[in-house]
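None of the figures in this text is laboratory data; all of them are computed from the coordinates on show. Keep in mind it's a predicted model, so treat the numbers as computed, not measured. Cβ sites come from the backbone with ideal geometry, for glycine too, and all protein chains shown count toward neighbours.
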Amino acid sequence: MSDQPFKPLTTPRLRLRRLHPEDVDALCAYRNLPEVARYQSWETFTPTDARRLIADTSKNEPGVPGTWTQLGIIESASGNLIGDCGLHTMPEDKRLLELGITLAPEAQGKGYAKEALQAVIDHCFNSLDAHRLSVLTDADNLAARALFGRLGFRQEAHFVEHLWFKGAWGSECVFALLRREWEETRKTTNL
């Protein structure tokens with residue numbers, strides 16, 4: 001864990017900060033949409049679910065083994081919450097982290113997911129001393145698979161029909177990015 005409490009991350013168009021109680025309505029507005037919930041663990045997302053998510057993650061510091069930190073993705077120009085990004089520090093080692101992201105439909109296709117995740121990835125490697133970042137995504141979520149490929153993640157596994165998910169057998173893909181791979185990408189792109 002870093003020595004400092006989490007400070008919001010900023011990008012040219014976004015601000016990533018902890019979720020606040022006043023985010024309940026905005027969280028429900030996009031997380032409760034069927035097209036958003038399609039590849040997620042929930043079917044519906046109620047105000048009670050939103051309050052629980054905020055309460056369960058708002059005080060967690062990134063880098064503490066076994067905890068999730070959920071960051072709201074705020075569009076700087078409008079000040080609106082347009083999505084959220086989860087950061088799970090694995091219980092076995094604080095240098096192993098898992099990422100997840102959810103965006104409102106109106107924010108999709110604008111590069112916001114890549115921009116937000118790039119800031120989180122840089123934070124993980126620069127401030128949290130991460131060794132490995134991983135992502136688990138539904139195999140049918142082609143947009144997410146392409147996004148993580150653009151971010152430099154490797155596909156490590158494709159589990160075919162390995163879980164019962166929303167009334168059918170589901171398949172998932174695992175993607176990962178090591179610190180050395182991230183450093184090499186930064187060297188070749190001059191970031």
Dividing the surface of the Cα convex hull of the range 1-48 by four yields a projected area in nm² of 5.3
DSSP loop GluC sites (Glu not before Pro) with at most 16 other Cβ within 10 Å: longest gap in the chain: 93-191
So, in the chain, how many Lys pairs have Cα atoms under 24 Å apart, if the pair is 8 or more places apart or on different chains? 6
Here, chymotrypsin sites (Phe, Trp or Tyr not before Pro) of the range 28-67 satisfying both criteria (DSSP loop; at most 14 other Cβ within 10 Å) are 42
In Å and whole numbers, how far do the C-alpha atoms of the range 39-82 stretch along each principal axis, longest first? 34, 26, 21
Give me the three principal axis extents of the range 63-117 from the C-alpha atoms, as integers in angstrom, largest value leading. 38, 19, 15
Over all directions, the average projected area of the alpha-carbon convex hull for the range 75-177 comes to how many nm²? 7.6
Using all C-alpha to C-alpha distances in the range 126-185, build P(r) with 10 Å bins and read off the rounded percent in each one. 22, 45, 25, 8, 0
From the P(r) of the range 1-96, can you give the percent of Cα pairs sitting at distances over 23 Å? 28
Over the chain, one equal point on each Cα, no solvent: what is log10 I(q)/I(0) by the Debye formula at q = 0.11 Å⁻¹? -0.48
Among DSSP beta bridges whose residues both lie in the range 50-191, state the antiparallel percentage, nearest 5. 90
